[in-house]
Amino acid sequence: MRLILLGPPGAGKGTQAQRLVAKHGIVQLSTGDMLRAAAAAGTPVGLRAKEIMERGELVPDEVVVAIIADRIGEADARRGFVLDGFPRTVPQAEALDRLLKERGLDLDAVIELKVDEAILMKRIETRIAEMTARGEKVRADDNAEALKKRLDAYRAQTAPLVDYYARTGQLKTVDGMAPIDAVTAEIDRLLRPARPGRSRAKTAGRRASRARAAKTKTARARAARRGPKASRGKAAARATGGKGRKRAAKAAPGSRKKAGRPVAKRGRAGRAGTRKTRAKRLTRAR
Ligand code: AP5
């Protein structure tokens, strides 16, 4: 499974990515985490990215695209991955399309976590409290000033990706304001494959054919109860492709239109029969 999680800072991308990893056995590819690790390791790329991140701006596209190009080629990413925080610009999304195409891979879904901006500072404060409680170093960009810049960057450069992926038909939007477990449940629901052969149209089709079969069975049983003439009528109706008793009766001379009413009393055949009987009687009388 290959997924993208899209959403502003603090929307819950990292939180949901970890749950997807646990559920599907895929890897989380967070460009933010990778850049922070590179900065902590003091690599040239990391040191360059560090200052940009602290200001709340986006690291240049070519830097993050190169990181992702290497990472998705690694063995642990073969079973699938969830991209958390990448792509963040339209050029990054286009680069990802090319990378996947070169490797013959497809995306399963792009999940947008939709949240009200007003809640985001509170979420960041929550994370600061959580990290402090775990004894971890608080992120340098988790403060009001940097968050404002991160939000500006999101609106200007990342939000256009919602339309980008809506156009490809891969976008699935989830209410990121719901409690964490409810967001997870909604993502699970959206990723669940449609059960084969259980589409509404197929179910309705099956129901209709069962109803037709039951109707035919009842009609045959009724015809059998009425006797051979009625059966002939039905058989003739079937032969002519006709439906209903009237056509069946017309198609099979000798069958009855209504139970207990002989055919001889109506139509040409009936009148002819009466004329013959009269002629015989007259001959005998002579
Ligand atoms: P990055 O590390 O990706 O940060 P971000 O996108 O700003 O997102 P956050 O990690 O802050 O939030 P999140 O959505 O993961 O939320 P979380 O689950 O932690 O990027 C950092 C920087 O790196 C960027 O600013 C940029 O400089 C650079 N960078 C990274 N990728 C780049 C790229 N592709 N291109 C260019 N530059 C790039 O949740 C937050 C808190 O809320 C937690 O406490 C959590 O418990 C809580 N929470 C989560 N969900 C809920 C919920 N449903 N209800 C209540 N609380 C919730």
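Table for the structure above
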read-out	value
Residue 173 - accessible surface, heavy atoms, 1.4 Å probe, Å² rounded to 10	70
Residue order for 127, 189, 167 - accessible surface, 1.4 angstrom probe, largest first	167, 189, 127
Residues of region 113-141 with amide N under 15 Å of a point placed 7 Å along Cα→Cβ from residue 178	113-116
Rg over Rh, two decimals, region 120-163 (C-alpha only, Kirkwood Rh)	1.10
Linear extension gain, residue 122 paired with residue 100, 0.36 nm per residue minus alpha-carbon span	4.3 nm
Solvent-accessible ranking of 13, 137, largest area first, probe 1.4 Å	137, 13
Given charges at beta-carbon only (K, R positive; D, E negative), |dipole| of region 78-162 in Debye	200
Alpha carbon convex hull of region 56-101, projected area averaged over orientations, nm²	3.4
For residue 116, solvent-accessible area (1.4 Å; no DNA, RNA or ligand), Å²	90
Residue-normalised accessible area of region 1-113, expressed per residue, 1.4 Å probe, Å²	44
Pair residue 188, residue 51: separation of 7 Å Cα→Cβ label points (nm)	4.7
Accessible area expressed per residue, region 117-174, with surrounding protein chains retained (probe 1.4 Å, Å²)	61
Ratio Rg/Rh [Cα only; Rh per Kirkwood] for region 79-182	1.01
Using a Förster distance of 45 Å, the FRET efficiency for residue 148-residue 41 (Cβ separation, nearest 0.05)	0.95
For residue 2, residues with placed amide H under 5 Å, excluding near neighbours	81, 108, 109
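The values are calculated or read from the model by the stated rules, or taken from the named source; none is laboratory data. Keep in mind it's a predicted model, so treat the numbers as computed, not measured. No Cβ is skipped: glycine too gets one built from the backbone with ideal geometry, and neighbour counts run over all protein chains shown. Just so you know, the surface numbers come from the protein's heavy atoms only, side chains and all, with ligands and any DNA or RNA stripped out. Shrake-Rupley method; radii C 1.70, N 1.55, O 1.52, S 1.80 Å.
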